[in-house]
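In what follows, a structure is listed as structure tokens, so that the remarks can point back to it.
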Amino acid sequence: MEKKWVIRKGADESKERELSSELGIDPVLAELLVQRGVHTFEEARAFFRPSLEKLHDPFLMKDMDKAVERLETALEGREKILVYGDYDVDGTTAVSLVYSFLSRLTSNVGSYIPDRYDEGYGVSTKGIDWAAENGYTLIITLDCGIKAIDRVRYAAEKGIDMIICDHHLPENELPAAVAVLDPKREDCHYPFDDLSGCGVGFKLVQAYAQSLSIASDLVSVTGENRILAHFGLKRLNEDPCKGLKAMISLSGLEPGHLTIDDIVFKIGPRINAAGRMESGGVAVKLLTATDDRNAVEAAEEINRYNTQRKDIDRQNTQEALDMVKNGKCLSFGNATIVYNPSWHKGVVGIVASRLVEAFFKPTIVLTKANGFVSGSARSVPGFDLYEAIESCSDLLENFGGHLYAAGMTLREENLPAFCERIEKFIAGKIVPQMQVPVVNIDAKISFSQITPKFLRILKQFQPFGPENATPVFLTENIYDNGNGRKVGAEGGHLKLELIEENNPGRHISAIGFNMSGSFDYIKAGNPFDICYSIVENYYRGNSNMQLRIRDIRERDDDGFK
């Protein structure tokens, strides 16, 4: 599918020149800073040198005082506290964080991860019953609970209080919990509202630690998230917990040189695989392991789940693609909607992402579990798919999620009406430009600008993520030096050695995943343009720079073909 290349326009060229001069850096790097809202020397220093002192006071979050007071009462009274979280990476890491903290203060703490297949997403009646049967009087929910109005009421009837830590969009009515910590509450004026579920859990821990110190005389990569990610990566590289150390080894990563990409593409999917294939509790076991043997056992178990997940994901994705190709999907108009009751519930979200990549339409992938149709939705940039699903709430048993990713459960008899309503809603909201994949390019540069100093400063832009994306550059009129080849199990990727026409003495290594279709054109010695990000690869103690190609365009004598 052909992509549209969009080069960002400089926000303020005079400010970029001034910042470039003041910092002594390449104008392109100054342009990247201004794009990220950095305009002065002091702002640049804060950006390049994240500080824990810049974290916001956790008590600025609505209900934090109530949450800390109830937690103090529970600890002083030796009540049993249950840390309850979702089965995905955000939920399991949040549970591991809060459980590990509380276990240092009391032995009366347990953890609970609901079963994806038996209980579904969020707070379950089964989980509350289990807590009551085992004597728990306080439940702290993490990455879930903001819509658990009935479940909070049910827990209260069982003599259980709840503190909710969530980051999903709340509805008009909030659960009647002791405290509801969610920066997206309309009446919450916390300065940063884009914390993850684990981030909200961290703020609770920070608030409790801070209250102790006073009493005795502590999904965007900006603001607090960037500070937390920076110091989290620092700890991961310098002194990871035993479980993550085992997972780093099994993932084939280079200790001490991990990046956000390694978490997103290597560690995160493995941890997520536990909840997808079996139980998120294994992930908590990994992250809270206190000895090497248990850590390695949990890591190996999770690795096996990940292997199973990849096999099932590959099979279900191909079946979904064939379904669209053969016209057997429920919808392929403004949305792609596919349904197969035998698909594995744990991978439908991944399959939905694959279909978005293939067809670039809002996508819903559905299967059947426990007598209900259940599925995951993924969107394209600019289109609020959560709003579309919410418009069908009267047809749904349950739903939740975010702007671009959501989940839902419904009765099978409601499926035709649901598909019709979704298709109609999208038709009235989506615009043509949302249906064309876009590569956003930060700046046009030549290879000669990629100097050691340029790379050293570019690395300080990390950690990358939403709102601080990995910079994408455009270089025009380049060639392969003749050593380019196809790589990968089926020769689907390109490994190139690139040169510029006016600087043939310098070549730069590049990788283009799933771009072997351009091989014959490139191998024939023809010129082309690329947009790419710059990465640093580590292997057995050695590092090398590589361009990760995002897209390729062939050229003729007048420019683009």
*Output for segment 233-249, where each listed residue is surrounded by 17 or more Cβ atoms within 10 Å (Cβ to Cβ), part of a helix (DSSP H, G or I) and not β-branched (Val, Ile, Thr)*: 233, 236, 242, 243, 244, 245, 246, 247
*asked:* Can you list residue pairs whose Cβ atoms sit under 9 Å apart, with the first residue in segment 67-79 being on the phi > 0 side of the Ramachandran plot and the second being surrounded by 14 or more Cβ atoms within 10 Å (Cβ to Cβ)? Count only pairs 6 or more apart in sequence or on different chains.
replied: 78/106; 78/108
*Would you say residue 265 is over 30 Å from residue 343 (Cα atoms), part of a helix (DSSP H, G or I) and not small (Gly, Ala, Ser)?*
no
*Which of the residues that make up segment 540-554 are closer than 27 Å to residue 458 by Cβ and at pLDDT 85 or above?*
544, 545, 546, 547, 548, 549, 550, 551, 552, 553
*Looking at segment 185-206, which of its residues are out of contact with any Gly (no Cβ under 9 Å at 6 or more places or on another chain), closer than 23 Å to residue 54 by Cβ and open to solvent by 50 Å² or more (accessible area, probe 1.4 Å)?*
189, 193, 202
*Among 538, 532, which is assigned to a strand (DSSP E or B), in contact with a His (Cβ under 6 Å, 6 or more places away or on another chain) and either open to solvent by less than 20 Å² (accessible area, probe 1.4 Å) or of a type in the set (Ser, Thr, Tyr) (or both)?*
538
*For segment 43-53, does any single residue satisfy the condition of being open to solvent by 70 Å² or more (accessible area, probe 1.4 Å), modelled with pLDDT under 90 and farther than 21 Å from residue 455 by Cβ?*
yes
_Looking only at segment 458-488, how many residues end up being of a type in the set (A, V, I, L, M, F, W, C) and closer than 20 Å to residue 520 by Cβ?_
2
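Which one of these is farther than 29 Å from residue 251 by Cβ, surrounded by 15 or more Cβ atoms within 10 Å (Cβ to Cβ), under 32 Å from the mean Cα position of the chain (by Cα) and of a type in the set (A, V, I, L, M): 496, 474, 547?
That would be 474, the only listed residue that is farther than 29 Å from residue 251 by Cβ, surrounded by 15 or more Cβ atoms within 10 Å (Cβ to Cβ), under 32 Å from the mean Cα position of the chain (by Cα) and of a type in the set (A, V, I, L, M).
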*Find the residue count for segment 160-173, including only residues that are under 19 Å from residue 138 (Cβ atoms) and open to solvent by 50 Å² or more (accessible area, probe 1.4 Å).*
1
*Those residues that are closer than 15 Å to residue 536 by Cβ, in a helix (DSSP H, G or I) and open to solvent by less than 70 Å² (accessible area, probe 1.4 Å), I need them from segment 437-464; list them, please.*
454, 455, 457, 458
*Which residues, taken from segment 469-482, are out of contact with any His (no Cβ under 8 Å at 6 or more places or on another chain) and farther than 30 Å from residue 220 by Cβ?*
476, 477, 478, 479, 480, 482
*So how many residues does segment 477-493 have that are open to solvent by 50 Å² or more (accessible area, probe 1.4 Å) and more than 14 Å from residue 519 (Cα to Cα)?*
1
_Members of segment 46-61 found to be assigned to a helix (DSSP H, G or I) and farther than 14 Å from residue 227 by Cβ, listed by number_ = 59, 60
*asked:* Return the pair list, or none, for Cβ contacts closer than 8 Å from residues in segment 2-21 that are open to solvent by less than 60 Å² (accessible area, probe 1.4 Å) to residues that are of a type in the set (Asp, Glu), at least 6 apart or on different chains.
replied: 5/551; 10/16; 10/31; 16/31; 20/26
*asked:* Could you check segment 251-262 and list, in sequence order, the residues that are more than 19 Å from residue 313 (Cβ to Cβ) and either of a type in the set (Ser, Thr, Tyr) or in a helix (DSSP H, G or I) (or both)?
replied: 259, 260, 261, 262
_Every residue from segment 54-84 that is among the basic types (Lys, Arg), open to solvent by less than 70 Å² (accessible area, probe 1.4 Å) and touching a Cys at 6+ places or on another chain (Cβ under 7 Å)_ = none
*Taking into account only those residues within segment 408-436 that are in a strand (DSSP E or B) and buried (at least 19 other Cβ atoms within 10 Å of the Cβ), which is farthest from the chain's Cα centre (by Cα)?*
410
*Considering only residues of segment 111-138 that are in contact with a Phe, Trp or Tyr (Cβ under 8 Å, 6 or more places away or on another chain) and surrounded by fewer than 18 Cβ atoms within 10 Å (Cβ to Cβ), which is farthest from residue 244 (Cα to Cα)?*
125
_Given (1) in a loop (DSSP other than H, G, I, E, B); (2) modelled with pLDDT under 90, number of the condition residue 187 does not satisfy_ = (2)
*For the subset of segment 465-496 comprising residues that are outside any strand (DSSP E or B) and among the hydrophobic types (A, V, I, L, M, F, W, C), which member is nearest to residue 528 (Cα to Cα)?*
472
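The values are calculated or read from the model by the stated rules, or taken from the named source; none is laboratory data. None of the values given here were measured: they were computed from a predicted structure. Note: ideal-geometry Cβ built from the backbone for every residue, glycine included; neighbour counts use all protein chains shown. For accessibility, only protein heavy atoms count, side chains too; no ligands or nucleic acids. Shrake-Rupley method; radii C 1.70, N 1.55, O 1.52, S 1.80 Å.
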